[in-house]
Amino acid sequence: MFADPFPSLKKSRRLVGRQQHNSNQRPSSTSNEPTMGTVGGGGAGKSGTVKQLNVGGKLFSLEASSLSLSLSLDSPSPTPTFVDRDPALLSAVLAAIRAPPSAAPAFPARVLLDEAHFYGLHAQLLTALSPPPLRGFSASLASTLSPASEPFPTALAPHHDGSLCLAHGAGQVTCYSPALDHLATFRTHLHRITSLRQLPPGLVLLGSSAAPGLHAYDFLEGRHVASVQWFDPTDTRVSKAKVIAIAARPPADAADTNSPILATFECPHRENCILAVDPETLKPTQEIGRQSGSAAKSSTPGRVVHLQALGLVFASFVSSGAFGYSGYMRLWDIRSGNVVWETSEPGGAGRSSRFGDPFADADVDVKQQAIYKVCSKSGDVAVADLRSLGNDPWVYMSSGPRGSGGGYGSVLHCHQSQVFVSRKDGLEVWSRLEEQLFNTGDLPEQSGTKERPKSAGIDERFYRSCYVDTEEDAKRGMIQMMAGGGDRLFVTREDMQGVEVWETSHLAGAVCL
């Protein structure tokens, strides 16, 4: 059972959306300034129709279909439509859209994006300022984000548009725009934030290992909006449950508002469950996978992924100590709440054929419908097809790390059909050959019985790996957290301030003539 959160959020969500919309408009310099309309990528004008604008005494000719609604639908006139704004800003916006990617904008990106909102050019400008598609083999360190105070990160929450929310220090959260400009920094009531997710519009979900509950904050205003608690009146052990991991809707389903928020809760007596929360009302709707937590095989999942297309929830737990690694992976049916597949290492149901080499980390590629893991001793990466899981579904790729150390301390993260694996001596990326050749990450369709041979779905020859960082990169320290958002990979390292931003160079696909 669970408790309802604070009062209804409908009014506050409307305020959040209104405030976010207003923050994207620059204040009018005169009451005669045109009214702001729809700011989508295209306006209502006919394609190819040229619109004349007189912006602060300077003439501009733009296609009406690219302008905002109020400007493109203005009645025809022999004289250009007058707009009382700074012409230098519009010139910079157009130059950034039309210039080669290597050209630097004349003004800060946030200023240009605010100006582009007025003219309806925000989508085009954001595309021009965004990095090229992320290709792990040619990715490199592009920049480092460092908050002004207490810059040691504790949790990352990138969004599918390339923006980032970063938890750091004693309960602080800093948010960056898709152009990586600083938006806001605020302090929460939590001492240390260990799990963090963005929830449009303008909300972040927080969890702490030191305080109970799942909390929602409006990052534009820096205020607490609601809390979700898990308790059971019939069981006194279920109280003061802390959030260990959060899974918001996947990037591929970012437009689907019906996908629930999934959060793992753990009580002081080790009782734990996965709680499904409605993203609109922030009210709990379902309890999945309740466990007693009396043994390692029933510990609280540290990673949870919603496989909405399959109606499944992936959950995993891993721990390390003097005797090595141990953990489990499970697939829960979100409709019935039953376990449909599980594996435990070392030993247990669905044991790996590599006894004594348990996994150090695991993640799910939602698009490929595959589970990836990195082995703790050998450092090998293995993959299993979600559509043909059996007692031992793993196919191993055996390149291993370039130095010694195996997979101890490795972190694995799936993003855009690529698998990023941190090593003691660097960052490795795995990709499917089909993806590189045909630009698709889908596994081939299969047919037949449930227990299919491995060669029918996944073959280790389909994959290749490469180290993408230099020796200087590896010297900065071992990677602690990785999270992908849009065409960026965000990386943090042990005892290192700030967050590294990895992108593909605009010249990565250049061909020498």
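The values are calculated or read from the model by the stated rules, or taken from the named source; none is laboratory data. Remember, it's a predicted structure, so these values are computed and weren't measured experimentally. Glycine also receives a Cβ, built like all others from the backbone with ideal geometry; neighbour counts cover every protein chain displayed. Surface accessibility is based on the protein's heavy atoms, side chains included, excluding ligands, DNA and RNA. Shrake-Rupley method; radii C 1.70, N 1.55, O 1.52, S 1.80 Å.
Quick notes on this one:
- HIS191-ASP392 pseudo-label distance in nm [points 7 Å out on the Cα-to-Cβ vector]: 4.6 nm
- Solvent-accessible area per residue for segment 75-219 (1.4 angstrom probe, square angstrom): 38 Å²
- For segment 272-362: rounded, prolate or oblate by the Cα gyration tensor [a/c cutoff 1.5]: prolate
- Vicinal HN-Hα couplings computed from phi for segment 311-327 (Karplus, 6.51 cos²θ - 1.76 cosθ + 1.60; Hz; Gly/Pro x): x, 10, 10, 8, 9, 9, 9, 8, 9, 9, x, 5, 9, x, 9, 8, x
- Label-to-label distance, nm, for residues given as ALA309 and ALA295 (7 Å Cα→Cβ offset): 3.5 nm
- Apportionment of accessible area to carbon and sulfur, segment 167-307, percent (1.4 Å): 51 percent
- On a per residue basis, the convex hull of the C-alpha atoms belonging to segment 208-346 measures out at 136 Å³.
- Label sites at SER505 and SER336, each approximated as a point 7 angstrom past Cα along Cα to Cβ, lie 5.3 nm apart.
- Cα gyration tensor shape for segment 83-190, rounded if a/c is under 1.5, else prolate or oblate: oblate
- Among the listed pairs LYS242/LYS373; LYS242/LYS297; LYS242/LYS283; LYS242/LYS424; LYS297/LYS424; LYS373/LYS424, those beyond 23 Å (Cα-Cα): LYS242/LYS373; LYS242/LYS424; LYS297/LYS424
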